[in-house]
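The structure under discussion appears below in the form of structure tokens.
The values are calculated or read from the model by the stated rules, or taken from the named source; none is laboratory data. Here the structure is a predicted model, which is why all the values come from computation and not from measurement. Cβ placement follows ideal geometry from the backbone for every residue including glycine, while neighbour counts extend to all protein chains displayed.
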Amino acid sequence: MAGLLAGTAMGYVLQRGQLCFHAMFADAWHRRFLLFRGWALAVVLGAVGLAVVFATPLGQSLNTGLPFRPVANVVGGLLIGWGMAIAQICVSGLLYKFGAGMAGAVVGILGWIGGEIAVRQVRLPGPTVLPGGDDGTIPGLLGLPRLLVAVLVAAIVAGALWRWRGPAAAQSGATRDGAVLETGQSDGRVGNGTGRRWASLWARCWWSGGCWPQSVGWTSGPAP
Amino acid sequence: MLAAVGGVDFGPSTVGAGAGAVAGDPNWWLIAFLLGIVGGGGIAARSSAAFELRGETRVRYLRLLVGGFLLGAGGWIAGGCNLGHGLSGMAQLNVSSIVVVICMALGVGHARAMTRPVSRTRTSAG
């Protein structure tokens, strides 16, 4: 029930924010940073939130960091990037857009399940440079408290975003009527009425689209 | 927090659902989470009049299948997907997640550069 609740909240905010990692990276390559800015702010706010969660008794049983395996991380990351570019969607996008009526997403979901099953026995060679847990994180590497590093990173990123601010629409490629068509964050199917108003609101409040998924993220717990 | 309530040590991620089920050790929290994303997307789309049942072109189906396969394989190898590394892992300040996210971005840029002529003909993109 907890998983269903977390997933429903995540799917809801992802669909409302039209947050898709493929669109974020693709836009960034075209020097459009609307989604990127929202994601960056979401990540640093999430880092502070997670640091607080980890300090509570509830956080003691949670994963606090992933091992750093350079070969696997680089190869896996590149495969995910190529997969996103070919499918023109990310995994979370496949799921929430399937719920929003994109019937063809089921083909991508089947491919995704097949890919995971196909390589489940694969173990790439290469060292584990950093172990999991706190030692695999930047605070662990620096030997500093997680909350302190999270707050510092949040302050630096927030400051950079503040200096980098400007008309969100100019950086997003949003059209005059508010339907974000060129960023790739939406395929133009934003609907009428309320849906269009959401798209317009997203263009103005770039920070909200990333922050809501992140708030759901750390409410749900960290992930490998 | 909801993961802890559910008795598992992690939350938002897509990695492990398929492999766990095949291995006879399904992660029910994760499966429920993924089904919830579908349901949540549906609720959000219906409540904003954005729900539209639609199909794709043949080329798009092929791209979804091939791209989906790479997403699954890459997520397993990298130890996390775009949600796991890109949202939760980055918020954990993991060194591995930073590397994976950079490689994701490079992969998207490289593949888009290689497939640019095909991309211009796309009809529906995520």
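Scanning region A:57-79 for residues that are buried (at least 20 other Cβ atoms within 10 Å of the Cβ) and over 15 Å from B:I77 (Cβ atoms) returns A:L62, A:N63, A:T64, A:G65. Checking the structure you have, find out if any residue of region A:102-120 is in contact (Cβ under 8 Å) with a residue 40 or more places away in the chain and facing chain B (nearest Cβ under 7 Å). Checking region A:102-120: not a single residue is in contact (Cβ under 8 Å) with a residue 40 or more places away in the chain and facing chain B (nearest Cβ under 7 Å). Residues that are at pLDDT 95 or above, outside any loop (DSSP other than H, G, I, E, B), aliphatic (A, V, I, L, M) and surrounded by fewer than 24 Cβ atoms within 10 Å (Cβ to Cβ) are absent from region A:80-87 altogether.
Scanning region A:138-156 for residues that are away from chain B (no Cβ under 11 Å), surrounded by 15 or more Cβ atoms within 10 Å (Cβ to Cβ) and more than 19 Å from A:T56 (Cβ to Cβ) yields a total of 0.
Filtering B:V38, B:V100, B:V66 for residues that are part of a helix (DSSP H, G or I) and closer than 18 Å to A:Y96 by Cβ leaves a single hit, B:V38. Looking across region A:10-65, the residues that are small (G, A, S) and at the interface with another protein chain (Cβ under 8 Å from one of its Cβ atoms) come down to A:G11, A:A23, A:A26, A:A28, A:A42, A:G46, A:A47, A:G49, A:G59, A:S61, A:G65.
Exactly one residue out of A:A85, A:A72 is more than 30 Å from B:E52 (Cα to Cα) and either within 7 Å of chain B (Cβ to nearest Cβ) or touching a helix residue (DSSP H, G or I) at 6+ places or on another chain (Cβ under 6 Å) (or both), and it is A:A72.
Residue-level check: of (1) more than 26 Å from B:S47 (Cβ to Cβ); (2) of a type outside the set (S, T, Y); (3) part of a helix (DSSP H, G or I), A:R31 misses just (3). For region B:88-101, a residue qualifies if it is at pLDDT 90 or above and buried (at least 24 other Cβ atoms within 10 Å of the Cβ), and the qualifying residues are B:G89, B:A91, B:Q92, B:L93, B:N94, B:S96, B:S97, B:V100, B:V101.
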